[in-house]
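Notes follow the structure.
The values are calculated or read from the model by the stated rules, or taken from the named source; none is laboratory data. Nothing here was measured: the structure is a model prediction, and the numbers come from that model. Here the Cβ positions follow ideal geometry from the backbone for every residue, glycine too, while neighbour counts run over all protein chains shown. Please note that ligands, DNA and RNA were not included when accessible areas were found on the heavy atoms of the full protein model with its side chains. Shrake-Rupley method; radii C 1.70, N 1.55, O 1.52, S 1.80 Å.
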Amino acid sequence: RFYKFTFSNEKHGKMMYVTGLNIDCNELNTKDFHAAGLFFTDEANALDHMYSHEFVRTVIIPDNAMVVISLSSDHTIYKTNKFILGPHQLIKDADFWDTYRNDISLLYDRSRSLYHFDGFPNDILTKKVCEEFLHRNIYIFEYMPTEYKTKENCLYVVGQSIQAFKYVPKNLIDDDIIHSILKKDGSMIEKIDKKYHTVENIYLAIKTYGD
């Protein structure tokens, strides 16, 4: 199945997406893939196109439409001069989620290329799923729901990258987390709350910075 993800205003340049037949007001550019055309995707690549979008529509390609396909090692993208759109719906209500409900391992296979959780249904975005993603791709930590940012998960990510410290909820920052970042980079002492400027932490910062 094919899908079109849209922003809240459901606009494409000067035209508005509608349920039914949509014909691009610009001529399809078949030489430059990133130029004029109505873009859409397939089920296998849907997760790559959700970020910052609000709605999704099913896509049917008319028999007389022109289609250009861009293939890469990561995903496939399509564009056309016309398509038929189904009614818009929230991304979390799309039917392609059923594929992952039936086999959650397929979702984990996308963890390396996915950097957000926008549009994930609540029944799929569980603590277990978030943590599985986290251990495959620490950069997902920024987008994890706050309730799943446990101290254990926070310690894990700052142990992997001190850049993750800025996404640690303030109520979870404690001596253990401070020690973890100072062991990796003593200069971080300048970026932490002064209440953690204890003799022990300053000594640790100087020792780490000196190393």
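Key figures
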| read-out | value |
| --- | --- |
| Per-region count, the range 15-60, residues over 20 Å from His88 (Cβ atoms) and outside any loop (DSSP other than H, G, I, E, B) | 1 |
| Pair list, Cβ < 6 Å and 6+ apart or interchain, from the range 90-106 residues that are within 24 Å of Ser8 (Cα to Cα) and in contact (Cβ under 8 Å) with a residue 40 or more places away in the chain to residues that are open to solvent by 70 Å² or more (accessible area, probe 1.4 Å) and in a helix (DSSP H, G or I) | none |
| Unmet criterion (only one of (1) touching a Phe, Trp or Tyr at 6+ places or on another chain (Cβ under 8 Å); (2) part of a helix (DSSP H, G or I); (3) aliphatic (A, V, I, L, M)) for Leu155 | (1) |
| Condition check for Leu107: within 22 Å of Thr126 (Cβ to Cβ), under 21 Å from the mean Cα position of the chain (by Cα), surrounded by fewer than 14 Cβ atoms within 10 Å (Cβ to Cβ) and hydrophobic (A, V, I, L, M, F, W, C) | no |
| Selection status of Lys82, modelled with pLDDT of 95 or more, among the basic types (Lys, Arg) and touching a strand residue (DSSP E or B) at 6+ places or on another chain (Cβ under 6 Å) | yes |
| Conditions (1) surrounded by fewer than 13 Cβ atoms within 10 Å (Cβ to Cβ); (2) of a type in the set (A, V, I, L, M); (3) farther than 30 Å from Leu125 by Cα: number failed by Ile61 | (1) |
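This table checks each residue for (1) of a type in the set (A, V, I, L, M); (2) open to solvent by 30 Å² or more (accessible area, probe 1.4 Å); (3) under 27 Å from Ile202 (Cβ atoms); (4) under 15 Å from the mean Cα position of the chain (by Cα).
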{"site": "Pro121", "(1), (2), (3), (4)": "no, no, no, yes"}
{"site": "Lys128", "(1), (2), (3), (4)": "no, yes, no, no"}
{"site": "Lys151", "(1), (2), (3), (4)": "no, yes, yes, no"}
{"site": "Ala164", "(1), (2), (3), (4)": "yes, no, yes, no"}
{"site": "Asn171", "(1), (2), (3), (4)": "no, yes, yes, no"}
{"site": "Ile177", "(1), (2), (3), (4)": "yes, no, yes, no"}
{"site": "Leu182", "(1), (2), (3), (4)": "yes, no, yes, no"}
